[in-house]
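Asker: A single structure is presented below for examination.
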Amino acid sequence: MTNAITILVDADACPVKDEIYKVAARHEVAVSIVSNAPFRIPDSPLVRRILVDDSFDAADDWIADNADRSCIVITADILLAERCLKEGASVLAHNGKPFDAASIGSAIATRAIMADLRAGMDGIGGGPPPFSKADRSRFLQELDKELVCRKRR
């Protein structure tokens, strides 16, 4: 990848694609929408669709293989976030929470604990809280902030 900023989106379950398109257009930043299912994307030279096969983790593998210091990765997948951080990318969750070197270890540990708890409850469990307007707003603010910081570097 080049030194230009690129946003890589783990898109199959991403609830903030429209927000990404708007912020990216305002900052004139390229966006790669990575998924294993086709869906509409804006007709824009800044947005490209990367359609991967439906094998397990194909989208994650493509994103991790293409992530570098020039990228901002958007994903809720903690293990993908860890892989991308190792490549030097910035990573934001869909709710605007940044993943970084200081927080990824505890996020992975919490994920493992929750998986164990769910397994011990015979599939009974909650999952994440519903996506809210506050999550959407926080995401917009964090993505904009990250882009402004990167442009100043």
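Asker: In this structure, is SER32 modelled with pLDDT of 95 or more and either farther than 18 Å from ARG153 by Cβ or touching a helix residue (DSSP H, G or I) at 6+ places or on another chain (Cβ under 6 Å) (or both)?
Answerer: Yes; evaluated as a whole, the condition is true for this residue.
Asker: For ILE63, indicate whether it is crowded, with 19+ Cβ neighbours inside 10 Å, modelled with pLDDT of 95 or more and not in a loop (DSSP other than H, G, I, E, B).
Answerer: Judged against the criteria, ILE63 is a match.
Asker: All but one of (1) surrounded by fewer than 16 Cβ atoms within 10 Å (Cβ to Cβ); (2) over 12 Å from the mean Cα position of the chain (by Cα) hold for LEU79, so report the exception by its number.
Answerer: (2)
Asker: Take LEU140 and decide whether it is out of contact with any Asp or Glu (no Cβ under 6 Å at 6 or more places or on another chain), modelled with pLDDT of 90 or more and not in a loop (DSSP other than H, G, I, E, B).
Answerer: No, not satisfied.
Asker: Now, a different point. If we keep just the residues of region 16-33 that are in a strand (DSSP E or B) and in contact with a Ser or Thr (Cβ under 8 Å, 6 or more places away or on another chain), which is surrounded by the most Cβ atoms within 10 Å (Cβ to Cβ)?
Answerer: Ranking the qualifying residues of region 16-33, first place goes to VAL31.
Asker: What's the total number of residues in region 1-15 that are assigned to a loop (DSSP other than H, G, I, E, B), within 14 Å of the chain's Cα centre (by Cα) and crowded, with 18+ Cβ neighbours inside 10 Å?
Answerer: 2
Asker: Is there any pair linking a residue in region 138-153 that is over 14 Å from HIS94 (Cα atoms) to one that is aliphatic (A, V, I, L, M) and assigned to a helix (DSSP H, G or I), with Cβ under 7 Å and at least six apart or on different chains, and which?
Answerer: So the pair list comes out as LEU147/VAL23.
Asker: Here's something else I'd like to know. Hey, does region 101-123 have a residue that's surrounded by 14 or more Cβ atoms within 10 Å (Cβ to Cβ), modelled with pLDDT of 95 or more, under 18 Å from the mean Cα position of the chain (by Cα) and not in a loop (DSSP other than H, G, I, E, B)?
Answerer: No: zero hits.
The values are calculated or read from the model by the stated rules, or taken from the named source; none is laboratory data. In this text the structure is predicted, and so the values were computed from the model without any measurement. Every residue, glycine among them, receives a Cβ derived from its backbone with ideal geometry; neighbour counts consider all protein chains shown.
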